[in-house]
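Presented below is the structure to which this report refers.
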Amino acid sequence: MSEALQLEKPVKTAPSRRFPTVIGRFDKPADRATIDTLVQWIEQRYHEDLQRRPSKHEYVRHLPDEVIAQIDTLRQSAVIGQAILQHFDANHVITPMPHTDELYLSHYNKDFGGAQGLYSKHYDGNLRFVPFGTVVRALIYLQSDATYKVVFGNSKVERAFVSYEFGVLDFHRELHWVEGEYNPDDKQRILLKCNYLVAPRGSGLPAPAVMSANTSVFYVVKAAMEYSKSPRNPLQRFVGFLCNLFRLLNNIHPLVPLFLIAALLFAAVWGVLQLLA
């Protein structure tokens, strides 16, 4: 998928422009061997993180080159590409967003911190009002059992993912959540979160503009969530509160949290001006 993939037979997207969640599986022995090798390395490298809570995210770009090369064979695989492109016209192409891809060690923790939104009802992104392009996310389950169930509300799809399976969802337009209960004796839930922009070939400026906007929001939200997960001091608890508040507001409409931020900034500026007057 480093090169653009294209369908032989076009299948148009639904009028809502929401990408419908797709469930798939890696069946090739070579892919499964790669997954097994990755899991073995992860269990050695992140042994302490796997034994404790909370969850952990690590950017794929920060991993050793040989590990990134193995991950590339999965996130750039034809099975992922076809799962995405089957729902788009034949002139659409996939642009990977590897700078946002993550390794995720998932421990189900609802502790009112920034990471709680990963398990409660949420949209991964807040740009579903943008009329161009579609950002999709592949959840590649390197290791998992059927302990947790992921519910994709808009697509009306539910799946208790196991090892070697994947789900592809609309990053900005799929309301989803996790149902389950953390048990340290269960098989460790290890997955990759890989993101892609799908847009018409030769679309020009809109494509990089959408990617830049998506990346900017992604980094800001991710930094806030990481800072406030399992909060231990008042500031972390406050940031965690804001993360959960904005998540709930985003579920209503993505512009609502933006209007709230604008109102707070206006109030702050007005207050400063009043003090200086």
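The values are calculated or read from the model by the stated rules, or taken from the named source; none is laboratory data. For clarity, every value in this text was computed on a predicted model and none was experimentally measured. Because the Cβ atoms are built from the backbone with ideal geometry, glycine has one as well, and the counts that use them run over all protein chains shown.
Some notes on this structure:
- Verdict on Lys193 being within 21 Å of Val79 (Cβ to Cβ) and either of a type in the set (Lys, Arg) or assigned to a strand (DSSP E or B) (or both): yes
To keep it simple, each residue is scored yes or no on (1) of a type outside the set (Gly, Ala, Ser); (2) modelled with pLDDT of 95 or more.
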{"site": "Ala30", "(1), (2)": "no, yes"}
{"site": "Leu38", "(1), (2)": "yes, yes"}
{"site": "Ile42", "(1), (2)": "yes, yes"}
{"site": "His57", "(1), (2)": "yes, no"}
{"site": "Ile71", "(1), (2)": "yes, yes"}
{"site": "Gly81", "(1), (2)": "no, yes"}
{"site": "Phe88", "(1), (2)": "yes, no"}
{"site": "Asp101", "(1), (2)": "yes, yes"}
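- Options Pro208, Pro200; residue that is closer than 24 Å to Gln82 by Cα and loosely packed, with under 15 Cβ neighbours inside 10 Å: Pro208
- Those residues of region 136-179 which are among the small types (Gly, Ala, Ser) and more than 24 Å from Ile35 (Cα to Cα), in sequence order: Gly153, Ser155
- Any hit, region 194-209, residues being at pLDDT 95 or above and not hydrophobic (A, V, I, L, M, F, W, C): yes
- Residues of region 146-176 satisfying the condition of being farther than 18 Å from Leu127 by Cβ, of a type in the set (Phe, Trp, Tyr) and under 12 Å from the mean Cα position of the chain (by Cα): none
- Within region 237-249, the set of residues being within 22 Å of the chain's Cα centre (by Cα) and either at pLDDT 90 or above or farther than 19 Å from His107 by Cα (or both) comprises Val239, Phe241, Leu242, Leu245, Phe246, Arg247, Leu248, Leu249.
- Whichever residue in region 211-231 is within 16 Å of the chain's Cα centre (by Cα) and more than 15 Å from Val130 (Cβ to Cβ) and, among such residues, is surrounded by the fewest Cβ atoms within 10 Å (Cβ to Cβ): Val220
- Residues satisfying the criterion are absent from region 178-193 (criterion: crowded, with 18+ Cβ neighbours inside 10 Å, more than 23 Å from Gln51 (Cα to Cα) and at pLDDT 95 or above).
- Among the candidates Ser216, Ser228, residue that is among the small types (Gly, Ala, Ser), within 27 Å of Pro98 (Cβ to Cβ) and modelled with pLDDT under 85: Ser228
- Which numbered condition Ile94 fails, given (1) over 18 Å from the mean Cα position of the chain (by Cα); (2) touching a residue at least 12 places away in the same chain (Cβ under 8 Å): (1)
- Check on Thr13, more than 28 Å from Val151 (Cα to Cα) and either in contact with a helix residue (DSSP H, G or I) (Cβ under 8 Å, 6 or more places away or on another chain) or modelled with pLDDT under 95 (or both): no
- Among the numbered conditions (1) under 15 Å from the mean Cα position of the chain (by Cα); (2) within 27 Å of Thr95 (Cα to Cα); (3) outside any helix (DSSP H, G or I), the only one that Gly204 does not meet is (1).
- Residues in region 222-260 that are in contact (Cβ under 8 Å) with a residue 60 or more places away in the chain, among the aliphatic types (A, V, I, L, M) and touching a Gly at 6+ places or on another chain (Cβ under 9 Å): Ala224, Met225, Val239.
The rows are residues; the columns are (1) farther than 30 Å from Ser203 by Cβ; (2) touching a residue at least 40 places away in the same chain (Cβ under 8 Å); (3) touching a Phe, Trp or Tyr at 6+ places or on another chain (Cβ under 6 Å).
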position	(1), (2), (3)
Lys121	yes, yes, yes
Gly125	no, yes, yes
Gly133	no, yes, no
Ala138	no, yes, yes
Gln143	yes, yes, no
Lys149	yes, no, no
Ser155	no, yes, no
Glu158	yes, no, no
Glu165	yes, yes, yes
